[in-house]
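> Below is the structure I would like to discuss, written out as structure tokens.
Please treat every number below as a calculation from the coordinates, not as lab data. Keep in mind the model is a prediction, meaning the values are calculated, not measured. No Cβ is skipped: glycine too gets one built from the backbone with ideal geometry, and neighbour counts run over all protein chains shown.
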Amino acid sequence: MPNSDCPVCRTADIVCGKWTLLVIRDLAEQRSRFCELERSLEGISPRTLSLRLRALEEEGIVKRETFPEVPPRVEYTLTEKGRALVPIIESMRAYGTEWLGGTCAAEPVEPAAVAA
């Protein structure tokens with residue numbers, strides 16, 4: 001099977017960019033504004049965050065909603081396709097906790113909260 005047909009390779013192409021899984025992790029908990037994501041992802045540049053959000057939006061993983069307010073308000077949420085990635089993040093959290101002794105700033109997402 002060529003790599004372009006491999007589901008694992010195709011998924012990795014989407015989610016393995018630096019910061020991408022962390023953006024998805026944070027959006028799994030709640031809808032967020034750009035500045036909220038920037039604060040929670042300490043060390044990410046605004047340009048990188050903007051590029052990651054745009055790429056995830058193009059893949060149908062993130063939805064960008066603009067509100068007609070002054071000043072304009074933009075919020076990002078996971079789509080159904082994006083929420084389907086949350087179990088991968090939870091598995092990574094469990095692996096890191098068990099095998100790497102790490103803790104994560106973000107709490108695990110309950111399946112019911114993800115479906116909402």
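> If a residue counts only when it is aliphatic (A, V, I, L, M), which helices (runs of 4 or more DSSP H) contained entirely in the stretch 1-103 have at least 1 such residues?
Of the helices (runs of 4 or more DSSP H) lying wholly inside the stretch 1-103, those with at least 1 residues that are aliphatic (A, V, I, L, M) span 7-15, 20-29, 34-40, 46-58, 86-95.
> Every residue in the stretch 1-26 that is more than 16 Å from Ala84 (Cβ to Cβ) and in contact with a Lys or Arg (Cβ under 7 Å, 6 or more places away or on another chain), please.
Result: Gly17, Trp19.
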